[in-house]
Structure formats: structure tokens, C-alpha cells
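Written out below as C-alpha cells is the structure these notes cover.
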Amino acid sequence: MTTRHFLTDLDLSPEELTRVLNLADWMKANPYAIKPLAGPQTAAVFFDKTSTRTRISFGSGIAALGGSPLIINPGESQLGHKESIADTARVLERQVSLIVWRTYAQTGLEEMAEHSRAPVINALSDDYHPCQLLADLQAAREKLGSLAGRSLAYLGDAANNMANSYLLAGVNAGMDVRIAGPGGYLPSQDIILAAEERAAQTGAKVTITTDPGAALQGAEVVATDTWVSMGQEEEKEQRMRLFGDYQVSAEAMGKAAEGAVVLHCLPAYRGAEITAEVLDGEQSIIWDEAENRLHAQKALMAWLLVESGLADGETARLVREAEAGTA
Ligand code: CP
Ligand code: NVA
């Protein structure tokens, strides 16, 4: 069996995405029922950038799956500076059952996956944050009841990892995705082409615009992210000026659908990309979204192990039933 990795939002087919979200819902209701990492087996979780939610949700999730997390903080391993990524992968695959990595370059994740029999999971790169989108889609589906055909507007830094992942995961779920940011801070042509290609399969819509009002018009899901991503701290002042028109405020929400829900991956900067009124208001499902990191990533880990032929028979049976909605 070939190992399945999760490096970008498009590494799951549309049907697989639905199955993983179904499994996440089931695991939320049955938190300790599926134990693919019983032993305990270990999962390595590397951080080249800082983290709160990703560290805690993977640590807790790996434990709940019966395993033991090995959390490796920035600067603590030889990875990438004293030893090649390929050699690290060759060692890891003999000792751990999963590799989770938050890093800078997407190419690093690709190299790790190329040399590892253990599934590799992108825990955020400069280009994508696909685990976050599983949690976001789970939260949106919980509130709206469905995703296909629903409209999603993302406002702000539309060239960052979250914008790319909203676009790709949104079209994978068959949504009407509108991405709005200033000129020069929009998704690359490669990302737009990949989104359009997947949208052609799912019936999704893709709109890339500099007009926040056009993106927001009637949107059922409104999302944003920090204007200053990790590694961009020196550009902070310039970025604060640049994205001002794309703030998610009560006024902006007035253009969205009545009852629209608001997402933000956190950490959030009240008064910058989102006002306190909206973040802490009734339309915000941000805390459910943060909680769902745990459930969605547990589902993803179990699913990847089953798909890769690396889980026991009882786990595989339960995962198949839960993802099909028959458990
Ligand atoms: N949303 C998210 O990934 O948060 P952390 O950076 O705290 O992990
Ligand atoms: N775009 C943000 C997301 C943080 C979870 C960053 O990369 O810093």
C-alpha cells in the first residue's frame, strides 16, 4: 500500500474530504473510541515556527488515539541544519508512526514525504495550513448543515497560507469561494489554476478580487487571518496600513448574509484584521473552530494510517463505518 500524506488541502479528493469531516464529527462525539496509535506508538511533531493550538491539539490528539507525542520545538533537532530532511525521514520512519511538521518551505515537507513510509502532515507552511481548514470546514458545516454551494468570503492578506488554504479547501468542499485582498497580495496564478481545476470537479466557484464589498455580498461564511504572518514581523507597519480596507467589522458583516458565521484561525489581533465586536460577537464560531483542531486532526491521523495500511483491523473497521456515517 502507498503511504498517504497530507501536505496541501488538495491531497484529499472531494469525497475523501467529506469522509474525513464525517469521521471528525464522529470522533467529537466518541473521543476515545478509535486507537490506531495504541502501544503507545509515537508521533513526531516538529515546530520550526511557534504555536499554541497546533502543539496542544496534536499533543492531545495523539494521546487520545492511544499514542505518545514527541514534540520537538524550534532549534531542538538536527533537522534541516545539521542533517538533511531525507536522512531525518529515513531515521524517523523506523521509529515513529506519524510525522507532523510546521515549517517554512513547502518543498521541505515534500522531501520529508518522499522519503518516509510514515504519513507526513503539514502543520502549517508558508504556503498552506490545511489542518486548520479541516477544523474550519467542520465548524462551518456544524453551523450551516452543509458546505457545497455555500459562499465563503476571505478578507485580508490574500497571499498568505490561510488564504491559499481557504481557496483550495473551499473549492474542494464545493463552495463559492471569494478571496479579497489588495493588489499584489492575492493568491498566485498557480494556486488559482489549481483551485479552478478542482472547482470544475466539485461545482465550486472561484472569485479573486480587490473589492472586499463584492466578496462579502451575501456571504454565509466570513473568514480572515492576521495581516502579519510568522516571519513577516519586520513588515508590520506597512502591512497595517495596506490591509485596512479589509477589516472584518460590524459594517463589513452588514454586507454578508444574515446569520453568516465568522472564522479566524487565531491568534487574532482585535482592532486590526477583525474588530473585538465581531470576534467576540454572536456570529463568531471561532472557539468551536479552535476546538475542532483536535477532532479534525485526530480524524485525519486515523484516516491516513488506515489508508496507508498502517492501522490494525479493528481501527480500520471503525474508521470505515464512521466516515461513511454508519458507525
Ligand atoms: N491556528 C493555529 O495554527 O494556531 P497556532 O499558531 O497557535 O498553532
Ligand atoms: N498566517 C498565519 C497563520 C497562523 C496560524 C501565520 O502563518 O503566521
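The values are calculated or read from the model by the stated rules, or taken from the named source; none is laboratory data. Remember, it's a predicted structure, so these values are computed and weren't measured experimentally. Note that each Cβ is placed from the backbone with ideal geometry, even for glycine, and that neighbours are counted across all protein chains shown.
Return yes or no: is Ser188 surrounded by fewer than 19 Cβ atoms within 10 Å (Cβ to Cβ), out of contact with any Cys (no Cβ under 7 Å at 6 or more places or on another chain), small (Gly, Ala, Ser) and over 27 Å from Leu144 (Cα atoms)? Spelling it out, Ser188 is indeed surrounded by fewer than 19 Cβ atoms within 10 Å (Cβ to Cβ), out of contact with any Cys (no Cβ under 7 Å at 6 or more places or on another chain), small (Gly, Ala, Ser) and over 27 Å from Leu144 (Cα atoms).
Scanning the range 212-245 for residues that are aliphatic (A, V, I, L, M) and more than 16 Å from ligand 2 (Cβ to nearest atom) yields a count of 6. The residue that is nearest to Gly149 (Cα to Cα), counting only those in the range 216-247 that are of a type in the set (Val, Ile, Thr) and within 16 Å of ligand 1 (Cβ to nearest atom), is Thr224.
Return the only residue of Leu167, Leu124, Leu193 being of a type outside the set (Phe, Trp, Tyr) and farther than 30 Å from Pro74 by Cβ.
Answer to the check: Leu193.
Annotation: Val206 fulfils all but one of (1) without any contact (Cβ under 8 Å) to a residue 40 or more places away in the chain; (2) surrounded by fewer than 24 Cβ atoms within 10 Å (Cβ to Cβ); (3) in a helix (DSSP H, G or I); the unmet one is (3).
Count of the range 82-131 residues, restricted to those that are charged (D, E, K, R), under 20 Å from Ala194 (Cβ atoms) and within 16 Å of ligand 1 (Cβ to nearest atom), is 2.
In the range 32-62, of all residues being small (Gly, Ala, Ser) and crowded, with 16+ Cβ neighbours inside 10 Å, the one that is nearest to Leu305 (Cα to Cα) corresponds to Ala43.
Scanning the range 130-168 for residues that are surrounded by 24 or more Cβ atoms within 10 Å (Cβ to Cβ) and on the phi > 0 side of the Ramachandran plot yields a count of 1.
Of all the residues in the range 274-290, those that are surrounded by fewer than 24 Cβ atoms within 10 Å (Cβ to Cβ) and either outside any helix (DSSP H, G or I) or within 13 Å of the chain's Cα centre (by Cα) (or both) number 8. Out of Ala159, Ala153, which single residue is out of contact with any helix residue (DSSP H, G or I) (no Cβ under 6 Å at 6 or more places or on another chain) and not acidic (Asp, Glu)? Sole residue among the options that is out of contact with any helix residue (DSSP H, G or I) (no Cβ under 6 Å at 6 or more places or on another chain) and not acidic (Asp, Glu): Ala159. Taking every residue in the range 128-143 that is within 23 Å of Leu186 (Cβ to Cβ) and pairing it with any residue that is away from ligand 2 (no atom under 16 Å from the Cβ) and assigned to a loop (DSSP other than H, G, I, E, B), at least 6 positions away or on another chain, the pairs with Cβ-Cβ distances below 7 Å are Leu137/Leu147; Leu137/Ala173; Ala140/Leu147.
Residues that are buried (at least 24 other Cβ atoms within 10 Å of the Cβ) and within 16 Å of ligand 1 (Cβ to nearest atom) within the range 249-272 comprise Leu263, His264, Cys265, listed in sequence order. Contact map, the range 303-319: first residue more than 14 Å from Val20 (Cα to Cα), second residue in a helix (DSSP H, G or I), Cβ cut-off under 6 Å, separation 6 or more or different chains; pairs are Ala311/Leu305.
Please indicate, with yes or no, whether at least one residue in the range 11-29 is crowded, with 18+ Cβ neighbours inside 10 Å and either more than 19 Å from the chain's Cα centre (by Cα) or within 16 Å of ligand 2 (Cβ to nearest atom) (or both). Taking every residue of the range 11-29 in turn, none turns out to be crowded, with 18+ Cβ neighbours inside 10 Å and either more than 19 Å from the chain's Cα centre (by Cα) or within 16 Å of ligand 2 (Cβ to nearest atom) (or both). Once the range 30-66 is narrowed to residues that are under 29 Å from Ala327 (Cα atoms), in contact with a strand residue (DSSP E or B) (Cβ under 8 Å, 6 or more places away or on another chain) and polar (S, T, N, Q), the residue that is farthest from ligand 1 (Cβ to nearest atom) is Gln41. May I ask you to list the residues in the range 30-86 that are in a loop (DSSP other than H, G, I, E, B) and either of a type in the set (Lys, Arg) or at pLDDT below 95 (or both)? Scanning the range 30-86 gives Lys35, Lys49, Asn73, Pro74, Gly75, Glu76, Ser77, Gln78, Gly80, His81, Lys82. Within the range 54-79, residues that are aromatic (Phe, Trp, Tyr) reach partners that are within 15 Å of ligand 1 (Cβ to nearest atom) and in a loop (DSSP other than H, G, I, E, B) with beta carbons closer than 8 Å, at six or more positions or on different chains, in the pairs Phe58/Ala123.
Consider Ala148 carefully, then state whether it is within 16 Å of ligand 1 (Cβ to nearest atom) and either of a type in the set (A, V, I, L, M, F, W, C) or over 11 Å from the mean Cα position of the chain (by Cα) (or both). I'd like the intermediate steps shown before the answer.
Details: within 16 Å of ligand 1 (Cβ to nearest atom): no; either of a type in the set (A, V, I, L, M, F, W, C) or over 11 Å from the mean Cα position of the chain (by Cα) (or both): yes.
No: the conditions fail for Ala148.
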